[in-house]
Amino acid sequence: MHKFSTVVFAVAVTIGAVAVAGCSDDKPSAEAWRADVVALCDQINADFDAGGTLFRSETPSLEEVMAYYADVTPKFAAGAKEIESLERPDGLDSEVDELFAALDAAVAYVESAATDRAVLESEIAAADQAPEVFVRLETASTAAGLEACNG
């Protein structure tokens, strides 16, 4: 009888463990989330690079740079929204919050650079420095373990 109750107990514990595991919140692991984000970053970086040929030749005019930003803005905004729509992993709340805030700021900057000459003129004036929003985005990406996104 004692052996039988031990087997029943072991089966009950196993069933309970499976039931609890089945009730998990099914959040992605940090590694799986990072892989998904990096795939989206690769696409965003490809979109930026596709227009980047403008910057490899002669010095482009402000109008050309504004047109570049106008072209890349919807792609960048859509990619940022896709990243923000991914289910968050546990344990990275503050890092993901800052990443999303930095993404939103970068999208707003690119949107303004597409239409506001003053934004581009200040970027040109600080030619040796990346705009602060991109520095923030790179820092946030690194903190979230997304160094591969810093293209």
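Only the coordinates and a few stated rules stand behind these numbers; no lab work does. These numbers come from a predicted model, not from an experiment. For neighbour counting, all protein chains shown are included, and Cβ atoms are generated from backbone atoms with ideal geometry for every residue, glycine included.
Go ahead and run the numbers for FRET between ASP71 and ALA32, Cβ-Cβ distance against an R0 of 35 Å, rounding to 0.05.
Numbers: r = 32 Å, r/R0 = 0.91.
Efficiency for this residue pair is about 0.65.
If Rh is defined by the Kirkwood formula over all Cα pairs and Rg also comes from Cα, what ratio Rg/Rh do you get for the stretch 28-149? Each step should come with its number before you reach the end.
On the way: Rg = 15.0 Å, Rh = 15.1 Å.
Radius of gyration over Kirkwood radius for the stretch 28-149 works out to 1.00.
So how do 138-147, 113-122 stack up, highest first, on mean other-Cβ count within 10 Å? Each step should come with its number before you reach the end.
Details: 138-147: 17.7, 113-122: 14.7.
Packing proxy ranking, top to bottom: 138-147, 113-122.
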